[in-house]
Amino acid sequence: RRFQKEESFLQIGSTEINLTSCQVRTDGVPVELTHQEFALLRTLVIHKNMALTREQLLDLAWGQDFLGDIRTVDVHIQRLRKKLHLESAIKTVYKSGYRLEC
């Protein structure tokens with residue numbers, strides 16, 4: 001069996017993401033993320049360079065019992081792009097979902 005080892009630290013440009021300590025820094029300055037924003041970011045980091053549909057992101061970051069609108073993923077992605085200056089790293093996959101490229 002192959003297990004995917006979760007990386008605990010990732011740097012994308014000037015943004016540093018530490019999954020172990022749940023801390024994110026941009027240009028050396030700590031960035032405050034909500035619990036849900038960090039859960040979405042963690043999901044993108046774990047599945048980096050893989051396109052994930054909105055449904056997959058909802059299941060992985062929010063859980064299967066989430067009852068809200070699927071477009072909440074779009075709103076949270078926009079917030080992450082803006083807060084972390086990752087406009088060029090978090091790609092929109094046409095008619096599918098999103099991918100973190102690094």
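Can you name the condition, by its number, that ASN49 falls short on among (1) open to solvent by less than 20 Å² (accessible area, probe 1.4 Å); (2) within 21 Å of THR20 (Cα to Cα); (3) touching a residue at least 24 places away in the same chain (Cβ under 8 Å)?
Single failed check for ASN49: (1).
List every residue pair whose Cβ atoms lie under 8 Å apart, where the two residues are 6 or more positions apart in sequence or sit on different chains, the first residue falls within segment 80-102 and is within 18 Å of ARG54 (Cβ to Cβ), and the second residue, located anywhere, is aromatic (Phe, Trp, Tyr).
ILE90/TYR98; LYS91/TYR98; THR92/TYR98
Could you say whether any residue in segment 63-74 is open to solvent by 20 Å² or more (accessible area, probe 1.4 Å), without any contact (Cβ under 8 Å) to a residue 40 or more places away in the chain, under 18 Å from PHE9 (Cα atoms) and assigned to a helix (DSSP H, G or I)?
So far as segment 63-74 goes, no, none of its residues is open to solvent by 20 Å² or more (accessible area, probe 1.4 Å), without any contact (Cβ under 8 Å) to a residue 40 or more places away in the chain, under 18 Å from PHE9 (Cα atoms) and assigned to a helix (DSSP H, G or I).
The values are calculated or read from the model by the stated rules, or taken from the named source; none is laboratory data. This structure is a prediction, so every number in the text was calculated from the model and none was measured. Glycine gets a Cβ as well: all are built from the backbone with ideal geometry, and neighbour counts include every protein chain shown. Note: areas computed on protein heavy atoms with side chains; ligands, DNA, RNA excluded. Shrake-Rupley method; radii C 1.70, N 1.55, O 1.52, S 1.80 Å.
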